[in-house]
Amino acid sequence: MNVIFLGPPGAGKGTQAKILEETYGMVQLSTGDMLRAEVAAGSDLGKEAKAVMESGGLVSDELVIGIISSRIDQDDCKGGFMLDGFPRTVPQAEALDVMLKDKGFNLDHVLELQVDDEPLIGRITGRFTCGDCGEGYHDMFKKPAKEGVCDKCGSSNMKRRADDNEETVRARLQAYHDQTAPIVGHYGKQGLVRPVDGNTAIDEVTNQLKTILG
Ligand code: AMP
């Protein structure tokens with residue numbers, strides 16, 4: 001099964017993808033994670049993307065389409081994948097349609113996580129992750145048992161994303177409404193959109209998703 005997670009920043013796309021990865025054996029493909037890895041490595045691609053990401057804008061369609069195209073060719077995608085943060089513009093969605101057809105993949109569902117804007121600001125500005133094992137935490141909703149120490153692996157290497165500050169989050173939300181939300185219409189025409197109420201607790205969202213995925 002191959003799915004797309006659609007929804008504004010902070011809607012829970014990455015959180016739900018990580019949970020479902022274990023249950024359904026689909027691999028999470030996050031263009032944001034891939035771009036952050038390029039920035040951290042200091043590659044040419046990372047250098048090109050860094051300033052745009054820090055401003056809350058979108059990097060070029062060409063660049064992300066290229067990244068996803070080579071990632072989907074890897075063996076672990078054959079058992080199914082969840083696209084998280086891609087496509088983010090209508091031209092990306094159109095390029096993905098062609099790419100999937102060429103590579104012989106089907107798209108089963110577009111899972112649209114619907115969340116109001118205001119709660120998203122608090123969700124994003126309070127979040128941090130363990131830099132060693134990737135476990136996610138939140139200042140209000142999910143504090144580690146011992147402050148600054150990861151419950152899962154014991155590391156004290158906690159990290160916050162450079163773009164998780166209020167100003168950048170507002171720009172990211174604007175980019176979502178202007179450039180990404182029109183994708184709902186694109187996939188609506190294909191009968192693939194499954195709306196999900198993302199305003200509820202993490203496990204309730206997971207249950208809604210499992211009902212759709214079967
Ligand atoms: P994310 O981790 O999905 O919130 O992405 C972080 C940032 O990476 C975004 O704010 C964009 O600057 C960039 N980015 C990630 N995916 C895409 C994409 N599909 N198209 C354009 N920019 C992207």
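The values are calculated or read from the model by the stated rules, or taken from the named source; none is laboratory data. Keep in mind that what you see is a predicted model, and the values were worked out from it rather than measured. FYI the Cβ positions are ideal-geometry reconstructions off the backbone, even for glycines, and counts take in every protein chain you see. Accessible surface is based on the protein model in full, side chains and every heavy atom, while ligands, DNA and RNA are left aside. Shrake-Rupley method; radii C 1.70, N 1.55, O 1.52, S 1.80 Å.
Excluding residues on the same chain fewer than 8 positions from K50, give the aspartates and glutamates whose Cα lies under 16 Å from its Cα.
Straight-line reach from K50, under 16 Å: D33, E38, D61, E62, D163, D164.
Ignoring ligands, DNA and RNA, what accessible area per residue does the chain give at 1.4 Å, in Å²?
50 Å²
Starting from 0.36 nm per residue, how many nanometres of slack lie between M1 and M140 once their C-alpha separation is accounted for?
Full extension from M1 to M140 adds 46.6 nm.
Give the relative contact order (percent, whole number) for region 6-67; include only Cα pairs under 8 Å separated by 6+ residues.
19 percent
Simple spin-label model, 7 Å along Cα-to-Cβ: N157 to D75 in nm?
Result: 2.7 nm between the two label points.
How far apart, in nm, are two points set 7 Å out from the Cα along the Cα-to-Cβ line at S60 and at D102?
With each label placed 7 Å out from Cα toward Cβ, I get 1.7 nm.
Mind ordering 171-183, 70-82, 26-38 by average Cβ neighbours within 10 Å, highest first?
The peptides rank, most packed first, as 26-38, 171-183, 70-82.
Where the accessible area of the chain is counted over protein heavy atoms with a 1.4 Å probe, how much of it, in %, is carbon and sulfur?
Carbon and sulfur: 50 percent of the exposed surface of the chain.
Would you mind counting up the charge near P87? Only other residues with Cβ under 12 Å from its Cβ, with Lys and Arg at +1 and Asp and Glu at -1.
Net local charge, P87 excluded: -3.
When only DSSP loop residues count, what GluC sites (Glu not before Pro) in region 128-177 have their Cβ near at most 14 other Cβ atoms within 10 Å?
Sparse-neighbourhood loop GluC sites (Glu not before Pro): E147.
Along its principal axes, what span do the Cα atoms of region 100-141 show, with the longest given first and each in whole Å?
Taking the Cα atoms of region 100-141, the three principal extents are 44, 31, 12 Å.
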